[in-house]
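Enquirer: Please read through the structure below; I'll follow up with questions.
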Amino acid sequence: MEIPSKYNSQSAEEKWYKHWNDSGFFRSVPDDREPYAVVIPPPNVTGVLHMGHMLNNTIQDILVRRARMLGKNACWVPGTDHASIATEAKVVGKLRNEGIKKSDLSRDEFLKHAWDWTEKHGGIILEQLKKLGASCDWDRTAFTMDDQLSESVIRVFVDLYNKGYIYRGVRMVNWDPQAKTAVSDEEVIYKEEQSKLYYVRYQVEGANEWVTIATTRPETILGDTAVCVNPNDERFSGLIGKKVIVPLVNRPVPILLDEHVDMEFGTGCLKITPAHDANDYAIGQKNNLEVIDIFTDDGHLSAAAQLLVGVERFEARKQIIPLLEAAGNMVKIEDYKNKIGYSERTDVVIEPRLSAQWFIAMKKLAEPALEHVMNDNIRFHPPKFKNLYKHWMENIKDWCISRQLWWGHRIPVYYLADGEFVVAETPEKALELAQQKTGNGALTLNDLKQDEDVLDTWASSWLWPISVFNGINEPGNRDISYYYPTADLVTAPDIIFFWVARMIIAGYEYQGEMPFRNVYFTGMVRDKLRRKMSKSLGNSPDPLDLIEKYGADGVRVGMLLCSPAGNDILFDESLTEQGRNFSNKLWNTFRLIHGWEVDVQIGQPDSAVKAIDWFDSKLSHSLETISDHFSKFRISDALMTVYTLVRDDFSGWYLEAVKPAYQQPVDKATYAATVDFLEKVLKALHPFMPFISEEIYQYIAEREARDSIMVSEMPKPGSVDMTLLDHFEEMKELIGAVRNLRQEKNLSPREPLHLKITANGTAYDTNLLPVVSKLANLASVDFVDKHGDGAITFLVRTTEYSVPMADLIDMDVEKARLEEELKYNQGFLQSVMKKLDNERFVNSAPAQVVEMEKKKQADAEEKIRALEARLSKLN
């Protein structure tokens, strides 16, 4: 078979991915094997591949491919998330560009546009994952808005409502004015910013007296319904029971007392705006204050503000300053650093707002989810994330699950004209419940109005490990019984609360057990300057461009060379280049072996026999190490083990030891052993580098159509001779010493040398000397009692070696070189002794510094003795 001189990654990737997929190798159905199930963290349906996806899915594919080769029934379920806020924003933007307003459309008309957009742009990311080599069971591809998954979501809502966990209430929520919806606490990202602190004075009603408040949001003054002071603050003791006039709108409001007021912040006097601050709302509830909502749902001032109506909130902040100054209420403005909440989805400033929303009471539901992570029934890798998880779970808040959007799972609540409601999975069931509740059998569907809101996207994805196997709709079905709990989850720590914790909660509530056994947290992919990758910084390469340039295998290796679990990944494109170079080295290694001529008549050299014994043990030891790394989720360490096994041990030491002389044939036994080792190495490498391993595997021998490396058996470790492995490391040092000697003396590698060994009465293992003789090009190896004159001596560990040099080098030049080296070391020793002879230095310097100088003394004395001994032999 003709082997191309260069590996063509592009053609190999297209050819083998199609072959694997067409052959059904990715497909999984329940059988008698041990299951290994992984569910993909579903990316946004309209998203495209970024570097975080590359890392996450590379790791998942490695785990899945390895499990498959270990004989498990590997099932990797792919899919996408409908991403309510992100997708609706994209559809609204598209319609805006077409001159269409969402408000001009009916719900059904808008949803038609949303589905059209999803079908046009959705799933692109899954196609891109195929370029990476993702071995997903594509027949199981799920979408959170699929009928099966949607039905699961609605069933769970109804069930939790009937159990008393879901309730409706007016609460202070995080309002996203761009998306025009509430978002959960976990979807708010706090950023520290340089703001302003405005000091504004309020006149005490009926008196020429003023109190000054400090606020970062002067525009909300228009919604004030009280001011508040700490009852322990003596500065305001004379104001108790009085009222102040709200500036500009001239509204008299009471002065209240509350111990929660921080006397150190600002002036110690706090303005109270119950509609637009969570703490103010709590004080307002306690004191029955009026609630004045001065903002519209898109963040403009409403008619309730009385001034600046229709002005955008931040513009209103600018415009209200001169009004306050003109009215004589502005005292001063200071710079002030504070943390401001931004919407995780739209990156706009969150507005605290009172709103009627649906919530899930989480505290009781979360209890088993906390217990089973803390007792390691579910294991986090790295375990440091347990503390973060514990803190959040112990302080868990009720989950606001309603969103004021149209794209998503519509809340299954149906209202009657009098405000009463029923909760049901379908309109028909809702009508039946409504008739029972009212006693009015004449009610029709037209008498019911379904809630306009949809559920938080995470209220569907928290069911993902169950719903993809239809475990909610058909409890105990064949798939859920076989694949659940899944094996490993690979995800980023930034969604530990959004998704990981909630999946665990749902798992114990609906399956009575964990949704997965292990959670592997990847780090954040950053550039080598530690900056987060982003389009605006221009530091985020296109993953598909990287694949085209370096090959999928090169990119996979490059990503893993810099990705320890749970720590940030400092991505450097040179590492993907290193991955491609490794592919080329592997290809050239294969071509070298393939190019050998086999002669069945010749015997096997002793050096080859010894090298085969050694590499057999080395391979077994590496396979054990790789398994150990995988068991501890040290994926990068596992890669480095197989990487160095291939690069250094197999392609380097082993092939050097067994390859035939130039233009000479190799014996049959050595060739067979080498090809067998190559196959085993390729199998160990396959989970990391699936394409080149398959390409070489297929070139090695004629194979049946279904004989693929991806469904072959992972090689099992054999016996490991640690003594042999250690002895080989010692022989590497010996070979290196001889090669260095050649270099120092400018001797040709083709010049055979004679090696003398002084064992000093100890037993010397001669087992690997045939390998040493070949790799160091030795004409002879002899044991001697002492080294002859004119020989260069050197130590490897505790054994002394020499190479006679009288006929090979100019002895006068060598003597001059040694004398110069001796002179340098004697001068160095003298400078060290000056310090050590100085009592002041010895008594005042730190102990470790004195010890370091003593070590320098001992090393220099040892070198001087060795140089003097070598010189005496040359004289």
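Enquirer: I'd like to verify a number: residues in segment 794-831 that are hydroxyl-bearing (Ser, Thr, Tyr) and buried (at least 17 other Cβ atoms within 10 Å of the Cβ), how many?
Expert: 2
Enquirer: Can you tell me which residues in segment 790-809 are within 14 Å of Leu867 (Cα to Cα) and not in a strand (DSSP E or B)?
Expert: Gly790 - this is the single residue of segment 790-809 that is within 14 Å of Leu867 (Cα to Cα) and not in a strand (DSSP E or B).
Enquirer: While we're here: Which numbered condition trips up Glu334, out of (1) on the phi < 0 side of the Ramachandran plot; (2) out of contact with any strand residue (DSSP E or B) (no Cβ under 6 Å at 6 or more places or on another chain)?
Expert: Looking at each condition in turn, Glu334 falls short on (2).
Enquirer: Still on this structure, please answer the following. Which helices (runs of 4 or more DSSP H) does segment 598-700 wholly contain that include 2 or more residues that are under 21 Å from Arg580 (Cα atoms) and open to solvent by less than 20 Å² (accessible area, probe 1.4 Å)?
Expert: Those helices (runs of 4 or more DSSP H) span 635-644, 668-685, 690-700.
Enquirer: Name the single residue, out of those in segment 417-436 being modelled with pLDDT of 95 or more and over 49 Å from the mean Cα position of the chain (by Cα), that is surrounded by the most Cβ atoms within 10 Å (Cβ to Cβ).
Expert: Filtering segment 417-436 for residues that are modelled with pLDDT of 95 or more and over 49 Å from the mean Cα position of the chain (by Cα), the one surrounded by the most Cβ atoms within 10 Å (Cβ to Cβ) comes out as Gln435.
Enquirer: Here's something else I'd like to know. Starting from segment 543-564, keep only residues that are buried (at least 23 other Cβ atoms within 10 Å of the Cβ), then list their pairs with residues that are acidic (Asp, Glu) and not in a helix (DSSP H, G or I) whose Cβ atoms are within a distance under 9 Å, requiring at least 6 positions of separation or different chains.
Expert: Gly558/Asp572
Enquirer: Restricting the search to segment 746-773, which residues are part of a helix (DSSP H, G or I) and in contact (Cβ under 8 Å) with a residue 60 or more places away in the chain?
Expert: Answer for segment 746-773, where residues must be part of a helix (DSSP H, G or I) and in contact (Cβ under 8 Å) with a residue 60 or more places away in the chain: Pro770, Val771, Ser773.
Enquirer: Further, regarding this structure: Would you pick out the residues in segment 250-262 that are open to solvent by 70 Å² or more (accessible area, probe 1.4 Å) and assigned to a loop (DSSP other than H, G, I, E, B)?
Expert: Answer for segment 250-262, where residues must be open to solvent by 70 Å² or more (accessible area, probe 1.4 Å) and assigned to a loop (DSSP other than H, G, I, E, B): Asn250, Glu259, His260, Asp262.
Enquirer: Turning to a different aspect of this structure: Got at least one residue in segment 352-366 being within 26 Å of the chain's Cα centre (by Cα) and modelled with pLDDT of 95 or more?
Expert: Looking through segment 352-366, at least one residue is within 26 Å of the chain's Cα centre (by Cα) and modelled with pLDDT of 95 or more.
Enquirer: Would you pick out the residues in segment 124-158 that are in a loop (DSSP other than H, G, I, E, B) and either over 27 Å from the mean Cα position of the chain (by Cα) or of a type in the set (Val, Ile, Thr) (or both)?
Expert: Result: Thr141, Thr144, Asp146.
Enquirer: Is it the case that Ser5 is in a loop (DSSP other than H, G, I, E, B) and open to solvent by less than 10 Å² (accessible area, probe 1.4 Å)?
Expert: no
Enquirer: Just the residues that are part of a helix (DSSP H, G or I), within 30 Å of Asp297 (Cβ to Cβ) and either at pLDDT below 95 or open to solvent by 10 Å² or more (accessible area, probe 1.4 Å) (or both), please, taken from segment 159-174.
Expert: Tyr161
Enquirer: Another question about this same structure. Does Ile480 satisfy the condition of being touching a residue at least 60 places away in the same chain (Cβ under 8 Å), hydrophobic (A, V, I, L, M, F, W, C) and surrounded by 16 or more Cβ atoms within 10 Å (Cβ to Cβ)?
Expert: When the stated conditions are applied, Ile480 does not pass them.
Enquirer: What about Lys286, is it part of a helix (DSSP H, G or I) and at pLDDT 95 or above?
Expert: Answer is no for this residue.
Enquirer: Which members of segment 293-346 meet the condition of being open to solvent by 50 Å² or more (accessible area, probe 1.4 Å) and among the β-branched types (Val, Ile, Thr)?
Expert: Val309, Val331, Ile333
The values are calculated or read from the model by the stated rules, or taken from the named source; none is laboratory data. Since the structure is predicted, the reported quantities are computational estimates derived from the model, not experimental observations. Methodologically, a virtual Cβ is constructed for each residue, glycine included, from the backbone with ideal geometry; neighbour enumeration extends over all protein chains shown. Ligands, DNA and RNA are excluded from the accessible area calculation, which covers all protein heavy atoms including side chains. Shrake-Rupley method; radii C 1.70, N 1.55, O 1.52, S 1.80 Å.
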